[in-house]
Every structure is written in structure tokens, then in C-alpha cells.
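Participant: The following block contains the structure, expressed as C-alpha cells.
The values are calculated or read from the model by the stated rules, or taken from the named source; none is laboratory data. Note that the structure is predicted; figures quoted are calculated from it, not measured. Virtual Cβ from ideal backbone geometry, glycine too; neighbours counted across all protein chains shown.
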């Protein structure tokens, strides 16, 4: 699903990524961990086509994206990749439903189709009754679920999350972590999550450790079979 080969990235004289080789399979939930400055977010941005590597190749869902032109890249990103950030980044003037609809509009869907898809996503998140509420009328957990629904509306192959539970309390963190696994099981997406949260990293299928711009460990979790995940209210 995702294949990176010899990825390097520098900002001025600072080399952030030093020859990353990485392959992530379809349907995996993978966490990326490491100290601040290890290159985690830069790597995620390159996976998400938000930034280009200095050298190396990036293949996502069978497409080599590092050579695409900007317009092709934007279209690919909109349809194949979903993003969830630490802070929900919802537009305050729009309702939950309208926020979720935005990527569908960008993809060229008509209003009726986009609205139906957005309501389906919000229903899956347990938020159908909050569809007409604006972000300032939602709790922190509800806002993050709306952000997840927005990331999923175009049914992307890959969902990339950068510290998605960093702004949530302990209860809502646990619920959001469960949500990722339940969505993977329902929809088949691949999830790549940058996190400092050890409880999340411990339950992902794999944990990739970065240090000084290099992969220093790639661990497969052994105890997933005993963990049960289900959607619950995130309030």
C-alpha cells in the first residue's frame, strides 16, 4: 500500500530524513514514534504528498506519487489520502455536516451525493444528531470524530494521523484509538499514526521507531488477538 525507498529530506543544512526505506501493507494500523526532531511529521507529510522528498521514491496504492505534477498530486491526495490532525481544524462557520462535505465537493461530488455521504460518515461516528451543530457547540471528542468523518468521506486508501489524540483527555483518547481499529475492520483503510502516546503505539499492528531521521526499529505487536475494539460514544 505504501512503499518508500531511500527517502531523504533536508531543510537548509539540517538533514531531517536520512535514507528511509519503509513498506506498509494494506489494512495495517501503524504507529510512528520517536523523540522530538526525529523526523516523524516530515515523514508523514511526505507520505501524504504534502511535501516532496529531496531524493527517493514514494509509491502509494500502486501509484508513484513523487513524480506527479501538482494538479495530479492534489487530485490524488483528495481521493486517496485522508488526514487527521492533533487539532481538528474544522471551519467554525460551518456545521459538522458541512465540514465533512468539503472534501467531497473538492472531489467533484454534487451537493445531494456529498450530503448523503457526509451523513453516512457522521452516523458511523455516532454523531448523526450533531450534524447541524457548529464546532463551538461540540465537545473536544465530538470535534475529533467529525474530523475523522471528514478524512473518510472520499473513502481514501490511506488515513494519516499526526498526534490525533494529543488534545484529548484520557477517556476520549481511548475511544479515539478504538475507533481507528474499528474503522480499519469496517472499511479496510490503512492507518499511519504519528504519536507520542505509548498506549496507542502499544496496540497498533506495528510500531516504527525513528531517531535522527532513520528507522532504528520496526516492531510487530504480538498481542492484538486479545484486544477487542468497538465504536463507543466519544463525548
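Participant: So which residues in the range 162-205 are assigned to a loop (DSSP other than H, G, I, E, B), touching a residue at least 60 places away in the same chain (Cβ under 8 Å) and surrounded by fewer than 20 Cβ atoms within 10 Å (Cβ to Cβ)?
Facilitator: 163, 166, 167, 188, 196, 205, listed by residue number.
Participant: I'd like to know if the range 111-124 contains one or more residues that are under 24 Å from residue 62 (Cα atoms), surrounded by fewer than 20 Cβ atoms within 10 Å (Cβ to Cβ) and either touching a helix residue (DSSP H, G or I) at 6+ places or on another chain (Cβ under 8 Å) or modelled with pLDDT of 95 or more (or both).
Facilitator: No - not one qualifying residue is present in the range 111-124.
Participant: I would also like to ask the following. Looking only at the range 182-199, how many residues end up being more than 14 Å from residue 152 (Cβ to Cβ) and under 14 Å from the mean Cα position of the chain (by Cα)?
Facilitator: 4
Participant: Can you tell me which of (1) without any contact (Cβ under 8 Å) to a residue 40 or more places away in the chain; (2) assigned to a loop (DSSP other than H, G, I, E, B); (3) within 26 Å of residue 11 (Cα to Cα) is the one residue 35 doesn't meet?
Facilitator: For residue 35, the exception is condition (1).
Participant: Give the range 45-101 a look and list any residue that's surrounded by fewer than 16 Cβ atoms within 10 Å (Cβ to Cβ), within 18 Å of the chain's Cα centre (by Cα) and in contact (Cβ under 8 Å) with a residue 40 or more places away in the chain, or say none.
Facilitator: 51, 59, 87, 89 - these are the residues of the range 45-101 that are surrounded by fewer than 16 Cβ atoms within 10 Å (Cβ to Cβ), within 18 Å of the chain's Cα centre (by Cα) and in contact (Cβ under 8 Å) with a residue 40 or more places away in the chain.
Participant: Could you name every one of the helices (runs of 4 or more DSSP H) located completely within the range 52-161 that has at least 3 residues being within 26 Å of residue 16 (Cβ to Cβ)?
Facilitator: 70-80
Participant: Can you name the number of the only condition in (1) surrounded by fewer than 19 Cβ atoms within 10 Å (Cβ to Cβ); (2) touching a helix residue (DSSP H, G or I) at 6+ places or on another chain (Cβ under 9 Å); (3) at pLDDT 90 or above that residue 211 fails?
Facilitator: Going through the list (1) surrounded by fewer than 19 Cβ atoms within 10 Å (Cβ to Cβ); (2) touching a helix residue (DSSP H, G or I) at 6+ places or on another chain (Cβ under 9 Å); (3) at pLDDT 90 or above, residue 211 breaks only (2).
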